[in-house]
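K.L.:
Following this message is one structure expressed as structure tokens.
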Amino acid sequence: MAAKIFKLKVIACDKVFYEGGAEILTIPAEDGLMQIMADHESMVIAITNGAMSFRREDGETVNALTGTGFVCVAGGEVTMLSHYIERPEDIDVIRACEARERAEERLMQHQSKLEYYQSKASLARAMARMAYKTRFTDK
Ligand code: ATP
């Protein structure tokens, strides 16, 4: 029996990544991977840098790397809001490597608490991009 379809909207700061029907959504919740299907109870889930995927209503699976954000399940619809969403082929490893070096340099300097957390977040994004790209390139 075909899985029930729910309405999914995946939005990053700079784009609407997907809007349409989906069968299943897998997200990097802060305490591990979580899957959402149709008729999931209403809730808001914090997500972190990590692999996400969803199966579209035509059966195709979409894989991407997501940043921090939220997934809101309400009224039978699912909305994901994230700092960034990138497909494996769109990730520029050299740029991520340079971002990691910049973040590491900043972390070695004297920083305010806010700057320290910003540098840690930059480092986490760069490391996630590098790891995710390697994972897909090695397949
Ligand atoms: P950088 O210092 O290289 O800009 P960043 O982590 O500060 O990295 P973000 O704020 O996370 O960048 O993202 C800004 C925009 O640039 C987003 O659209 C994001 O998808 C894109 N982006 C950032 N780094 C990369 C990368 N290595 N490859 C592809 N797109 C990237």
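K.L.:
Could you go through segment 29-48 and let me know if any residue there is exposed (fewer than 14 other Cβ atoms within 10 Å of the Cβ), touching a residue at least 40 places away in the same chain (Cβ under 8 Å) and among the charged types (D, E, K, R).
P.N.:
no
K.L.:
Related question: Look through Gln111, Gln35 and report the one residue that is of a type in the set (S, T, N, Q), outside any helix (DSSP H, G or I), more than 22 Å from Thr134 (Cβ to Cβ) and at pLDDT below 95.
P.N.:
Details: Gln35 fails: at pLDDT below 95.
The conditions single out Gln111.
K.L.:
Answer yes or no: is there a residue in segment 126-135 that is assigned to a loop (DSSP other than H, G, I, E, B), at pLDDT below 95 and either near the ligand (Cβ under 10 Å from one of its atoms) or not β-branched (Val, Ile, Thr) (or both). Step through it out loud before you land on a result.
P.N.:
Start the filter on segment 126-135 by keeping residues that are assigned to a loop (DSSP other than H, G, I, E, B), which leaves none.
No.
K.L.:
Sticking with this one: Do any residues in segment 77-103 that are without any contact (Cβ under 8 Å) to a residue 60 or more places away in the chain have Cβ atoms under 7 Å from those of residues that are more than 8 Å from the ligand (Cβ to nearest atom) and among the hydroxyl-bearing types (Ser, Thr, Tyr), where the two are at least six apart or on different chains, and which pairs are they?
P.N.:
Within 7 Å, the pairs are Pro88/Tyr132; Ile91/Tyr132; Ala103/Ser119.
K.L.:
Let me ask something additional. Restricting attention to segment 10-32, which residues are part of a strand (DSSP E or B) and away from the ligand (no atom under 16 Å from the Cβ)?
P.N.:
Matches in segment 10-32: Glu19, Gly20, Gly21, Ala22, Glu23, Ile24, Leu25, Thr26, Ile27, Ala29, Gly32.
K.L.:
Of the residues that sit in segment 75-126 and are of a type outside the set (A, V, I, L, M) and in contact with an Asp or Glu (Cβ under 8 Å, 6 or more places away or on another chain), which one is surrounded by the most Cβ atoms within 10 Å (Cβ to Cβ)? It would help to see each step written out before you state the result.
P.N.:
Going residue by residue through segment 75-126, those that are of a type outside the set (A, V, I, L, M) are 75-77, 79, 82-84, 86-90, 92, 95, 97-98, 100-102, 104-106, 109-113, 115-120, 122, 125.
Pick out the ones that are also in contact with an Asp or Glu (Cβ under 8 Å, 6 or more places away or on another chain) and you get 76, 84, 106.
Numbers: Gly76: 12, Tyr84: 19, Arg106: 16.
Looking at the filtered set, the residue picked out is Tyr84.
K.L.:
Next question. Quick check on my filter: what residues within segment 56-102 are out of contact with any His (no Cβ under 9 Å at 6 or more places or on another chain), of a type in the set (Val, Ile, Thr) and more than 16 Å from the ligand (Cβ to nearest atom)?
P.N.:
Thr61, Val71, Thr79
The values are calculated or read from the model by the stated rules, or taken from the named source; none is laboratory data. If you're wondering where the values come from, they're calculated on a predicted model, not measured in any experiment. Cβ coordinates were reconstructed from backbone atoms using ideal geometry, including for glycine residues, and neighbour counts include every protein chain displayed.
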